1. So which pairs qualify, if the first residue must be in region 9-22 and on the phi > 0 side of the Ramachandran plot, the second must be assigned to a loop (DSSP other than H, G, I, E, B) and among the hydroxyl-bearing types (Ser, Thr, Tyr), the Cβ gap must be under 8 Å, and the two must be at least 6 apart or on different chains?
2. Kindly list, by first and then second residue, each pair from a residue in region 62-87 that is touching a residue at least 12 places away in the same chain (Cβ under 8 Å) and more than 16 Å from Ala15 (Cα to Cα) to a residue that is assigned to a helix (DSSP H, G or I) and among the small types (Gly, Ala, Ser), limited to pairs with Cβ atoms under 6 Å and residues at least 6 apart or on different chains.
3. Got at least one residue in region 32-47 being free of Cβ contacts under 8 Å to residues at least 60 places away in the same chain, outside any strand (DSSP E or B) and touching a Lys or Arg at 6+ places or on another chain (Cβ under 6 Å)?
4. Could you list all residues from region 88-106 that are within 10 Å of Ile62 (Cβ to Cβ) and not hydrophobic (A, V, I, L, M, F, W, C)?
5. Collect the residues in region 47-81 that are buried (at least 21 other Cβ atoms within 10 Å of the Cβ) and either of a type in the set (Lys, Arg) or touching an Asp or Glu at 6+ places or on another chain (Cβ under 7 Å) (or both), keeping them in residue-number order.
6. Which of (1) in contact with a Phe, Trp or Tyr (Cβ under 8 Å, 6 or more places away or on another chain); (2) more than 21 Å from Gly88 (Cα to Cα) does Leu35 not meet, given it meets every other one?
7. Within region 51-76, how many residues are under 21 Å from Trp120 (Cβ atoms), in a loop (DSSP other than H, G, I, E, B) and β-branched (Val, Ile, Thr)?
8. Output the residues belonging to region 86-123 that are out of contact with any Phe, Trp or Tyr (no Cβ under 8 Å at 6 or more places or on another chain) and assigned to a strand (DSSP E or B).
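The values are calculated or read from the model by the stated rules, or taken from the named source; none is laboratory data. Predicted model only: the values in this text are computed from it and were never measured. Glycine also receives a Cβ, built like all others from the backbone with ideal geometry; neighbour counts cover every protein chain displayed.
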Amino acid sequence: MGENGSEICFESGKATMWLGADGILHLVWTRNSTLLLEDAVEAIKTGEVLSGGRSLPLLVEINGNHLTPELREHTLKHGTASAVATVGVTSTDRVQAAWMRRNSSIPQAYFTRREDAVEWIAALPHEGSPGASRSLRLPDSTGSATAMRSLEPC
(Lines give C-alpha, C1' and ligand atoms only; values in the text may rest on other atoms or scores of the structure.)
Protein backbone atom coordinates (compact mmCIF):
# COMPACT_ATOMS: atom_id res chain seq x y z
CA MET A 1 0.00 0.00 0.00
CA GLY A 2 1.04 3.59 -0.56
CA GLU A 3 3.06 5.06 2.25
CA ASN A 4 0.75 8.06 2.55
CA GLY A 5 -2.50 6.07 2.41
CA SER A 6 -3.48 7.34 -1.05
CA GLU A 7 -3.14 4.13 -3.04
CA ILE A 8 -5.39 4.15 -6.10
CA CYS A 9 -6.77 1.00 -7.72
CA PHE A 10 -7.18 1.31 -11.47
CA GLU A 11 -10.67 0.90 -12.89
CA SER A 12 -9.28 -1.83 -15.16
CA GLY A 13 -8.06 -3.76 -12.12
CA LYS A 14 -4.61 -4.01 -13.72
CA ALA A 15 -2.65 -1.72 -11.41
CA THR A 16 -2.35 0.34 -8.28
CA MET A 17 -0.56 3.68 -7.97
CA TRP A 18 0.41 5.97 -5.13
CA LEU A 19 2.61 8.95 -4.37
CA GLY A 20 5.11 8.00 -1.70
CA ALA A 21 6.30 10.31 1.05
CA ASP A 22 9.63 10.26 -0.82
CA GLY A 23 8.08 12.13 -3.78
CA ILE A 24 8.17 9.06 -6.03
CA LEU A 25 5.11 7.87 -7.94
CA HIS A 26 4.79 4.10 -7.55
CA LEU A 27 2.97 2.06 -10.21
CA VAL A 28 2.49 -1.67 -9.64
CA TRP A 29 0.96 -3.65 -12.50
CA THR A 30 -0.83 -6.92 -11.76
CA ARG A 31 1.14 -9.99 -12.80
CA ASN A 32 1.14 -11.34 -16.36
CA SER A 33 -1.33 -8.84 -17.84
CA THR A 34 -1.46 -7.53 -21.39
CA LEU A 35 -1.25 -3.77 -21.03
CA LEU A 36 -3.18 -1.79 -23.64
CA LEU A 37 -3.54 1.82 -24.74
CA GLU A 38 -6.37 2.42 -22.25
CA ASP A 39 -4.09 1.20 -19.45
CA ALA A 40 -1.46 3.77 -20.44
CA VAL A 41 -4.10 6.51 -20.51
CA GLU A 42 -5.33 5.53 -17.04
CA ALA A 43 -1.78 5.37 -15.64
CA ILE A 44 -0.81 8.79 -17.02
CA LYS A 45 -4.00 10.48 -15.85
CA THR A 46 -3.74 8.91 -12.40
CA GLY A 47 -0.11 9.99 -12.14
CA GLU A 48 -1.02 13.55 -13.11
CA VAL A 49 -3.71 13.67 -10.44
CA LEU A 50 -1.48 12.20 -7.72
CA SER A 51 1.44 14.48 -8.60
CA GLY A 52 -0.67 17.62 -8.81
CA GLY A 53 0.64 18.15 -12.34
CA ARG A 54 4.31 18.05 -11.31
CA SER A 55 6.85 16.00 -13.23
CA LEU A 56 7.97 13.40 -10.67
CA PRO A 57 10.05 10.22 -10.88
CA LEU A 58 8.13 7.01 -11.45
CA LEU A 59 8.94 3.55 -10.11
CA VAL A 60 7.17 0.88 -12.16
CA GLU A 61 6.90 -2.77 -11.14
CA ILE A 62 6.34 -4.53 -14.44
CA ASN A 63 5.60 -8.09 -13.16
CA GLY A 64 5.84 -10.18 -16.35
CA ASN A 65 3.46 -8.06 -18.39
CA HIS A 66 3.18 -7.75 -22.14
CA LEU A 67 3.24 -4.13 -23.32
CA THR A 68 1.47 -3.35 -26.58
CA PRO A 69 2.95 -0.97 -29.16
CA GLU A 70 0.00 1.40 -28.58
CA LEU A 71 0.80 1.61 -24.87
CA ARG A 72 4.45 2.37 -25.63
CA GLU A 73 3.68 5.08 -28.18
CA HIS A 74 1.13 6.79 -25.93
CA THR A 75 3.52 6.68 -22.97
CA LEU A 76 6.37 8.16 -25.02
CA LYS A 77 4.14 11.00 -26.30
CA HIS A 78 2.14 11.80 -23.17
CA GLY A 79 4.09 10.56 -20.16
CA THR A 80 5.14 13.28 -17.72
CA ALA A 81 7.53 11.44 -15.40
CA SER A 82 10.92 13.07 -14.81
CA ALA A 83 12.61 9.63 -14.66
CA VAL A 84 11.50 6.01 -14.75
CA ALA A 85 12.91 3.12 -12.73
CA THR A 86 11.48 -0.20 -13.86
CA VAL A 87 11.58 -3.17 -11.50
CA GLY A 88 11.20 -6.68 -12.84
CA VAL A 89 12.57 -10.16 -12.38
CA THR A 90 12.12 -12.00 -15.67
CA SER A 91 13.98 -11.78 -18.95
CA THR A 92 10.70 -10.61 -20.51
CA ASP A 93 10.56 -7.75 -17.99
CA ARG A 94 14.09 -6.72 -18.97
CA VAL A 95 13.21 -6.76 -22.69
CA GLN A 96 9.99 -4.79 -22.12
CA ALA A 97 11.88 -2.18 -20.06
CA ALA A 98 14.55 -1.82 -22.76
CA TRP A 99 11.84 -1.38 -25.38
CA MET A 100 10.22 1.40 -23.32
CA ARG A 101 13.61 3.18 -22.96
CA ARG A 102 14.26 3.26 -26.69
CA ASN A 103 13.80 6.80 -28.08
CA SER A 104 12.91 8.17 -24.66
CA SER A 105 14.41 11.49 -23.58
CA ILE A 106 14.17 10.94 -19.81
CA PRO A 107 16.50 8.95 -17.57
CA GLN A 108 15.40 5.33 -17.31
CA ALA A 109 16.94 2.27 -15.72
CA TYR A 110 16.03 -1.36 -15.04
CA PHE A 111 16.39 -3.05 -11.65
CA THR A 112 15.62 -6.42 -10.13
CA ARG A 113 15.15 -4.98 -6.63
CA ARG A 114 12.82 -2.16 -5.60
CA GLU A 115 15.37 -0.87 -3.07
CA ASP A 116 17.97 -0.36 -5.83
CA ALA A 117 15.41 1.49 -7.95
CA VAL A 118 14.51 3.83 -5.07
CA GLU A 119 18.20 4.50 -4.41
CA TRP A 120 18.80 5.35 -8.10
CA ILE A 121 15.81 7.73 -8.17
CA ALA A 122 16.89 9.38 -4.91
CA ALA A 123 20.25 10.21 -6.50
CA LEU A 124 18.56 12.10 -9.35
CA PRO A 125 17.54 15.76 -9.10
CA HIS A 126 13.73 16.02 -9.07
CA GLU A 127 10.76 17.97 -7.75
CA GLY A 128 9.86 15.16 -5.34
CA SER A 129 8.53 16.26 -2.02
CA PRO A 130 5.92 14.83 0.25
CA GLY A 131 2.55 15.34 -1.42
CA ALA A 132 -0.19 17.19 0.34
CA SER A 133 -3.45 15.37 0.74
CA ARG A 134 -5.73 16.10 -2.24
CA SER A 135 -9.13 15.23 -3.53
CA LEU A 136 -8.41 12.59 -6.14
CA ARG A 137 -10.66 12.83 -9.18
CA LEU A 138 -10.17 11.73 -12.73
CA PRO A 139 -12.20 11.71 -15.95
CA ASP A 140 -14.29 8.54 -16.28
CA SER A 141 -13.40 5.75 -18.71
CA THR A 142 -15.02 7.63 -21.61
CA GLY A 143 -12.46 10.41 -21.17
CA SER A 144 -15.20 12.97 -20.62
CA ALA A 145 -13.97 16.07 -18.84
CA THR A 146 -17.44 16.73 -17.43
CA ALA A 147 -18.25 13.24 -16.19
CA MET A 148 -15.84 12.70 -13.33
CA ARG A 149 -15.36 9.60 -11.22
CA SER A 150 -13.61 9.47 -7.90
CA LEU A 151 -10.42 7.47 -7.73
CA GLU A 152 -11.02 4.60 -5.40
CA PRO A 153 -8.61 3.51 -2.74
CA CYS A 154 -7.74 -0.19 -2.89
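1. If the second residue must be assigned to a loop (DSSP other than H, G, I, E, B) and among the hydroxyl-bearing types (Ser, Thr, Tyr), the pairs left are Gly13/Thr30.
2. Taking only residues 6 or more apart or on different chains, the pairs are His74/Ala40; Ala85/Ala117.
3. Yes, because at least one residue in region 32-47 is free of Cβ contacts under 8 Å to residues at least 60 places away in the same chain, outside any strand (DSSP E or B) and touching a Lys or Arg at 6+ places or on another chain (Cβ under 6 Å).
4. Once the filter is applied, which keeps residues that are within 10 Å of Ile62 (Cβ to Cβ) and not hydrophobic (A, V, I, L, M, F, W, C), region 88-106 yields Gly88, Thr90, Thr92, Asp93, Arg94, Gln96.
5. Leu56, Ile62, Leu71
6. Condition (2) is where Leu35 drops out.
7. Going through region 51-76 one residue at a time, the tally reaches 1.
8. Answer for region 86-123, where residues must be out of contact with any Phe, Trp or Tyr (no Cβ under 8 Å at 6 or more places or on another chain) and assigned to a strand (DSSP E or B): Gln108, Tyr110.
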